[in-house]
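Following: one structure in structure tokens, then a few remarks.
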Amino acid sequence: MRKYENLVIVKPTLTAEEIQASVKAIEEVITSNGGEIATTDTMGMRKLAYPIEKNERGYFHVIYYSVAPAAITEIERRFRLNEELLRFVTIKYDTNREIKAWDGLVEKANKKAAMSAKAAETPAATEVPAATETPVVEEAAAPVVEEVPVAEATPAAE
Amino acid sequence: MSEKRKYKKRFCKYCEAKVDFMDYKEVGALRFSLSERYKIMPRRLTGNCKKHQDMISIVIKRARAAALVPYTVTRKAVVTQPFENLR
Ligand SMILES: [Zn+2]
């Protein structure tokens, strides 16, 4: 078993449910080939740095898993056949240093998932500190927020 | 054969920060090693050490493949949105 990471970009033209189903199918490909998914990290809909198949945006999803190295060719073949996938990037974590980094990334992704789950449960509780600590939150929120002018407009209005 | 150095001695930012692994998904960290046209900056200009330059070039190429960083930009894009998508 070797540790891997897969970033997949799903077509933005699909509906939200179709995207979720597509992501499920992608994870299914990994598990059916003997992979054990450690965690997943949803980066969400993002603007692509360059258009792929005339799409300007894409749904980014990262999967951390471990699988026997021989199964990777089959997994990548299945990904290549999948027409809902714009792009996938497979990264191998082989050396001791890389494996340590992989553990760190998995932990980070788990923490992020727990945070977003908590935010979903109590939306009101998380929004109150966000309003008081504007400068800190803005820094953290900047990569997620698509349009910067909107984020800058809020402190000026207060 | 002058005794003084012609250029100021530069230090590797990544050695100072003790970086031993870079994640290609953290695009903001790559900005220091990219030119405004998203070329990989040479080591002689950034002062990065060989070890970290090798890491950066691999990570940037991964990020390009993942459509997080462009391969090239047109002249128009350079003027209108420098590092727009890397924030
Ligand atoms: Zn260095």
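Scanning segment B:61-76 for residues that are of a type in the set (A, V, I, L, M) and at pLDDT 90 or above gives B:ALA63, B:ALA65, B:ALA66, B:ALA67, B:LEU68, B:VAL69.
Residues in segment B:12-30 that are farther than 13 Å from B:SER57 by Cβ and more than 12 Å from chain A (Cβ to nearest Cβ) were compared, and the one that is surrounded by the most Cβ atoms within 10 Å (Cβ to Cβ) is B:CYS12. Would segment A:93-102 turn up any residue that is in contact with a Leu (Cβ under 8 Å, 6 or more places away or on another chain) and either under 24 Å from B:MET55 (Cβ atoms) or more than 10 Å from chain B (Cβ to nearest Cβ) (or both)? No, there is no match, as no residue in segment A:93-102 is in contact with a Leu (Cβ under 8 Å, 6 or more places away or on another chain) and either under 24 Å from B:MET55 (Cβ atoms) or more than 10 Å from chain B (Cβ to nearest Cβ) (or both).
Name the residues in segment B:9-43 that are assigned to a helix (DSSP H, G or I) and more than 9 Å from the ligand (Cβ to nearest atom), would you?
Of everything in segment B:9-43, those that are assigned to a helix (DSSP H, G or I) and more than 9 Å from the ligand (Cβ to nearest atom) turn out to be B:VAL27, B:GLY28, B:ALA29, B:LEU30, B:ARG31, B:PHE32, B:SER33, B:ARG43.
Does any residue of segment B:44-60 turn out to be modelled with pLDDT of 90 or more, more than 11 Å from the ligand (Cβ to nearest atom) and part of a loop (DSSP other than H, G, I, E, B)? No - not one qualifying residue is present in segment B:44-60. Every test in (1) under 18 Å from the mean Cα position of the chain (by Cα); (2) modelled with pLDDT of 90 or more is passed by A:SER32 save one, and that test is (1).
Residue-by-condition table, conditions (1) more than 13 Å from every other protein chain (Cβ to nearest Cβ); (2) closer than 27 Å to B:THR72 by Cβ; (3) surrounded by fewer than 13 Cβ atoms within 10 Å (Cβ to Cβ):
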| position | (1), (2), (3) |
| --- | --- |
| A:MET1 | yes, no, yes |
| A:LEU7 | no, yes, no |
| A:VAL23 | yes, no, no |
| A:ALA38 | yes, no, no |
| A:LEU48 | no, yes, no |
| A:TYR65 | yes, no, no |
| A:PHE79 | yes, yes, no |
| A:GLU84 | yes, no, no |
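The values are calculated or read from the model by the stated rules, or taken from the named source; none is laboratory data. As the structure is a prediction and not an experimental result, all values here were calculated from the model. A quick note on method: Cβ atoms are made from the backbone with ideal geometry, for glycine too, and the neighbour counts reach across all protein chains shown.
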